[in-house]
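Contents: one structure, followed by commentary.
Only the coordinates and a few stated rules stand behind these numbers; no lab work does. All figures in this text were calculated on a predicted structure; none of them were measured in a lab. Glycine also receives a Cβ, built like all others from the backbone with ideal geometry; neighbour counts cover every protein chain displayed.
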Amino acid sequence: MGHSRGGLTTKIHALVDAMGMPIMLKLTEGQAADGRSAADMFDTVGKGDILLADRAYDSDALRAEMEARGARANIRAMPQRVIKPAFSHFLYKQRNLVERFFNKLKHFRAVATRYDQRDDNYLASVQLASIRIWLRHNESVA
């Protein structure tokens, strides 16, 4: 999502809570592998949590780390995997909260079109948009 000097290659990694609100955000280059790039984002996942991630994050190392923390990783296996780990389609449907968060992010023109050339400025734009999403979610109706 967004432009970089090489084109449409910047990736935004987001960790969201059960309400679809962002907890942690990170930018990586488009050519970087998702699983290795975002491994440091999972520090907030603890005992009793369930990590829902797409196929790009499928790795035995990530599953072992989540198991060591007392969390469960419900990640769809890559098609070429010979031994497929346990996977719940019912739980995986809740991953749409992440997709909905990215859809909300795309409503902010500065994020969707990446006006900022520097990655730190772009990350700040993404964080400001995320703050507005949080505020909109928690605003009073009265």
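Out of the stretch 105-142, which chymotrypsin sites (Phe, Trp or Tyr not before Pro) are coil in DSSP terms and have no more than 13 other C-beta atoms within 10 Å?
When the chymotrypsin sites (Phe, Trp or Tyr not before Pro) of the stretch 105-142 are filtered for loop state and at most 13 Cβ neighbours within 10 Å, Y115 remain.
How big is the dipole moment of the chain about its Cα centre under a simple scheme where the beta carbon of each Lys and Arg is +1, that of each Asp and Glu is -1, and everything else is neutral? Debye, nearest 20, please.
Result for the chain is approximately 440 debye, rounded to the nearest 20.
Would you list which aspartates and glutamates come within 12 Å of K26, measuring only between C-alpha atoms, while excluding same-chain residues fewer than 8 positions from it?
Answer for K26, where 12 Å is the Cα cut-off: D34, D40, D119, D120, listed by chain and number.
Which lysines have a Cα less than 22 Å from the Cα of K93, not counting those fewer than 8 places away in the same chain?
K47, K84, K104, K106
Quick check on the chain: of the DSSP beta bridges with both residues there, what percent are antiparallel, nearest 5%?
Just about 65 percent of them are antiparallel.
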